[in-house]
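Contents: one structure, followed by commentary.
The values are calculated or read from the model by the stated rules, or taken from the named source; none is laboratory data. Bear in mind that the values here come from a model prediction, so they are computed numbers and not experimental data. With ideal geometry, Cβ positions are generated from the backbone for all residues, glycine too; neighbour counts draw on all protein chains shown. For accessibility, only protein heavy atoms count, side chains too; no ligands or nucleic acids. Shrake-Rupley method; radii C 1.70, N 1.55, O 1.52, S 1.80 Å.
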Amino acid sequence: MCAARLSVCCHKIRFRNTSPDAAVINMDHTRSCFELSLPFTEKCNPISRDIDRADAKHMLQILKTCDAEIFTHDDQGIYSSPIIQTMVDVAKKVELMLREPEESLIVLSGCGTSGRIAFLLATSFNEMLTDQQHTQIYSYIIAGGDRALLTSQEASEDRPLLGARMLDEVCAGKKRVLFMGISCGMSAPFVAGQLDLCLKHLDVFTPVLLGFNPVHMARNEPMQDCSFHFKEVAERMATEQKQGKAFILNPIVGPEAISGSSRMKGGSATKIILEAVLLAGHQAIFREKTISPECLSSWITASERMYENTYTHADELTRLVQKAGESLQRNGHVYYLGWRTLGIIGMIDASECVPTFGADFGDIRGFINNGFKEMRNKEGDLSSMGPEFVIGHQDFVDTILPVLNQNDMIVFLFTVKDDLHEMTALVNQVKRKTRNLHAVAHDLETLNIPKRMCDMFETVLKMTWSFSSDDEIAEMKQKWELSTKCCLNVLSTGAHVLKGKVYMNFMIDLRVTNSKLYRRAINILQRFSGRSKPECESALLRAIYSTDDVSEEMTSADVRTHTQLANRSDRVVPTALVMIHRGCSLTEAKHHLDSHAVIRDAVMSCVLSPVNTAHMK
């Protein structure tokens, strides 16, 4: 018997009650037409389509193959001549700012992952300038302020005027500003507002837009309190680029392994590109190196080799994914205990799991030695704002260690240059509570972590890096950061997949906290139901407002109102999808989800069972 009727490009097909695989094949026809209209950053990656059915070992191979797409050699990729030449041009602007630091400023800005990468780069490069006894000229902006470094504050992403105002405040009194606005999907209104401000004042600002879609795929929907949209701003940027007054860096790095999750490839590619540009500018000043295409390409190649080196540790990575998945499946937790910037990388990865997978903030948490003193963020110590902002190692000892059990997984993140005596003392404290200890550690060929320290862990992913007299430890630190980011992205993604928080390769349990995610939620419902946009939006609103009867007041409210309520709700998208497929009430949909531990199982059982149309809206 039929389970559902799906409209596909003016044709109708039927799901036949044969097998889940057959149903998925039929659903592919529905999605194929829909996919064509999506930007690259929102497309489904065919490599990872069945990641939710993969074991830890196979999952690692899938993620490795997806990450390799960052370094594809084609005419739109990161190695392409236009992208490399634009990186050269921007690096020369960095050099100019460094030569005249008193009245100059380099600002990096973004939302979510992009803003966290902006923070990490700005603070790291300011530290490099201090080491060179040079004036600090870097600043960062993140939508939502410093709270967004550790928690999801994605509603701020929808406010272009706020972005412009924050940029104007940061740049007060400066005569030259190099602004780098990061929006992986070329969609963030917050960044669009900042770029618009720059374009209106090109006598002061040189704007740079970094994203991973072509300009024609930039978001063209109206923005809050503004008459323009992101695509219009991007087109103005492209016009000014012809005169050398603005720059767009937008290589195609392929769809994310988890559809739309730009914390992964998007975040990594952002770090690779901006570090290459900034390092080239620094080397021109402090090491008298010429900024050239070969110089920029060599840094990208070094990052590619870093990825290859990291993924050679397949056995250890597989073990970490499996252990993390077991912890989450048993209602345990994963804790990252990191030193210096690796601690920041751990906290960034942990903070992104909440909006991406609908996780609780306690499922995966990051801690850093010396807490906010080590962070060096603008707003200082935020620990009084709530438990999400308690981040020091001593805080872990005081609040987490007393209740730790064998279901909890501890991952230490450190390098041979960190305080190994301090690390050993903390390991010994934790081992009194659990043996479920693991590590991601970085050696140098000339300096090794003692074997007795490695023996303290159940799993040690230890990477050894070459280091010559021509290298700088700051450059090596950036490789350590990127490698650690890769490892933790694999661990946290794999763990949530094993827990059942992903449907195929879609983050179906995402939190609908801003207009981008509201739109993405509707897209997911369309993909997996074949229903029209109005039908899917109606089901989404039923789930958001916890009602079977959507009132005119609800439907007429703006997206901001919807997302404010959705941010306080759990399983909004899965609930809406079950209601669509089963034609059932809200209560029945929630009961159906409760009876399945894995979201894919819950949805596929809908696809393969008869539809009750009595409740369809």
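Please report the antiparallel percentage of the DSSP beta bridges confined to the range 296-449, to the nearest 5. Let's see the in-between values first.
Working: 1 of 18 bridges.
Around 5 percent antiparallel, to the nearest 5.
Once the piece of chain linking LYS242 and LYS451 is laid out straight, how much longer is it, given 0.36 nm per residue of separation minus the C-alpha distance between them?
Details: separation 209, 0.36 × 209 = 75.24 nm, distance 5.64 nm.
Going from the current span to full extension adds 69.6 nm.
Taking N as the number of residues in the range 473-528, what is its Cα Rg relative to 2.2 N^0.38 Å? Please report the intermediate quantities before stating the final value.
On the way: Rg = 15.8 Å, N = 56, 2.2 N^0.38 = 10.2 Å.
It is 1.56.
Normalised by the residues of the range 517-562, what does the relative contact order come to in percent, with Cα pairs under 8 Å and at least six apart?
On the way: 21 pairs, mean separation 13.1, N = 46.
Computed value for the range 517-562: 29 percent relative contact order.
Got a sec? What order do HIS216, HIS282, HIS229 fall in by accessible area at 1.4 Å, biggest, i.e. largest, first? Can you show the working numbers first?
Working: HIS216 125, HIS282 10, HIS229 50 Å².
I get HIS216, HIS229, HIS282, largest accessible area first.
Could you give the length gained on full extension between LEU565 and LYS92, defined as 0.36 nm per residue of separation minus the Cα-Cα distance, in nm? Don't skip to the answer; put the middle values down first.
Values: separation 473, 0.36 × 473 = 170.28 nm, distance 4.62 nm.
Between LEU565 and LYS92, full extension yields 165.7 nm more.
Show that you can apply the helix-only estimate: for the chain, add -39,500 (n - 2.57) for every DSSP H stretch of four or more residues, divide by all residues, and state [θ] at 222 nm to the nearest 500. Mind dumping the intermediate values first?
Values: 22 runs with 296 residues, N = 617.
Per the formula, -15500 deg cm²/dmol.
Using a 1.4 angstrom probe with every protein chain in place, what is the largest-first accessible-area order of CYS44, CYS486?
Values: CYS44 25, CYS486 5 Å².
Highest to lowest solvent-accessible surface, that is CYS44, CYS486.
Collect residues whose amide H, placed 1.01 Å from N in the peptide plane, falls under 5 Å from the amide H of TYR336; neighbours closer than 5 in sequence don't count.
So TYR336 has HN proximity to ARG365, GLY366, PHE367, VAL411.
Check cross-link reach from LYS175 to the lysines: straight Cα distance under 21 Å, and skip same-chain residues fewer than eight apart.
Here the lysines satisfying the reach criterion relative to LYS175 are LYS92, LYS93, LYS200, LYS245.
Give me a comma-separated list of calculated 3J(HN,Hα) values for the range 124-137, in order, Karplus coefficients 6.51, -1.76, 1.60 applied at θ = phi - 60°, integers in Hz, x for any Gly or Pro.
5, 6, 5, 5, 4, 5, 4, 4, 8, 6, 10, 4, 6, 10
Can you bin every Cα-Cα distance in the range 342-464 into 5 Å intervals starting at zero and give me the percent of pairs per bin, rounded to whole numbers?
Reading the bins upward from 0: 2, 10, 19, 23, 21, 15, 7, 3, 0.
Kirkwood hydrodynamic radius, computed over distinct alpha-carbon pairs, for the range 457-591: how many Å, to one decimal? If you can, show how the numbers build up before the last one.
Numbers: mean 1/r = 0.0568 Å⁻¹.
Result for the range 457-591 stands at 17.6 Å.
Using amide H atoms built in the peptide plane, which far-off residues or other-chain residues are under 5 Å from ARG159 H to H?
PHE190
Can you give the FRET efficiency for ARG305 and LYS175, using 1/(1 + (r/R0)^6), R0 = 30 Å, r = Cβ-Cβ distance, to the nearest 0.05?
On the way: r = 40 Å, r/R0 = 1.33.
Given R0 = 30 Å and the Cβ-Cβ separation, E is 0.15.
Considering only protein heavy atoms, with the full assembly of protein chains and a 1.4 angstrom probe, order ARG560, ARG542 by accessible area, largest first. It would help to have the intermediate numbers written out before the result.
Working: ARG560 115, ARG542 10 Å².
I get ARG560, ARG542, largest accessible area first.
In Å², what does the accessible area per residue of the chain work out to with a 1.4 Å probe? All intermediate terms of the calculation are to be shown ahead of the outcome.
On the way: 23550 Å² over 617 residues.
Value returned for the chain: 38 Å² of accessible area per residue.
Test of understanding: what is the full-extension gain from PHE286 to ASN370, defined as 0.36 nm times their sequence separation minus their Cα-Cα distance? Let's see the in-between values first.
Working: separation 84, 0.36 × 84 = 30.24 nm, distance 3.06 nm.
So the extension gain works out to 27.2 nm.
Sort the chain into rounded, prolate or oblate with this rule: let a ≥ b ≥ c be the square roots of the eigenvalues of the Cα gyration tensor; rounded if a/c is under 1.5, and if a/c is not under 1.5, prolate when a/b is larger than b/c, oblate otherwise. Walk me through the intermediate numbers first.
On the way: a/c = 1.72, a/b = 1.24, b/c = 1.39.
It is oblate, given that a/c is not under 1.5 and a/b is not larger than b/c.
Would you list which lysines come within 30 Å of LYS451, measuring only between C-alpha atoms, while excluding same-chain residues fewer than 8 positions from it?
Straight-distance partners of LYS451: LYS57, LYS64, LYS323, LYS417, LYS431, LYS433, LYS462, LYS477, LYS479, LYS485.
Got a sec to turn the phi values of the range 506-520 into Karplus ³J(HN,Hα) couplings, 6.51 cos²θ - 1.76 cosθ + 1.60 with θ = phi - 60°, whole Hz, x for Gly and Pro?
With the stated coefficients, the range 506-520 comes to 10, 7, 5, 9, 4, 8, 8, 10, 7, 5, 4, 6, 5, 5, 5 Hz.
How do the peptides 71-84, 515-528, 247-260 rank, highest first, by the average count of neighbouring beta carbon atoms within 10 Å per residue?
Working: 71-84: 15.5, 515-528: 22.6, 247-260: 24.5.
Peptide ranking by packing, descending: 247-260, 515-528, 71-84.
I need the peptides 285-293, 355-363 ranked by packing, meaning the mean over residues of other C-beta atoms within 10 angstrom, with the highest value on top.
Working: 285-293: 13.0, 355-363: 20.6.
Packing proxy ranking, top to bottom: 355-363, 285-293.
In whole Hz, with x marking every Gly and Pro, tabulate ³J(HN,Hα) for the range 50-55 from phi via Karplus 6.51 cos²θ - 1.76 cosθ + 1.60, θ = phi - 60°.
Residue by residue, the range 50-55 yields 10, 4, 6, 10, 7, 7 Hz.
Report, by chain and number, residues whose modeled amide H sits under 5 Å from the one on THR464, excluding near sequence neighbours (fewer than 5 apart, same chain).
ASP443
Under 21 Å Cα to Cα from LYS533, which lysines show up? Leave out anything in the same chain fewer than 8 places away.
LYS12, LYS43, LYS516, LYS617
Once the whole set of protein chains is in place, how much accessible area is left on ASP225, using a 1.4 Å probe, in Å² to the nearest 10?
Approximately 120 Å² of ASP225 is accessible to the 1.4 Å probe.
Report the accessible area of HIS134, computed with a 1.4 Å probe over the heavy atoms of all protein chains in place, in Å² rounded to the nearest 10.
Here the accessible area works out near 40 Å².
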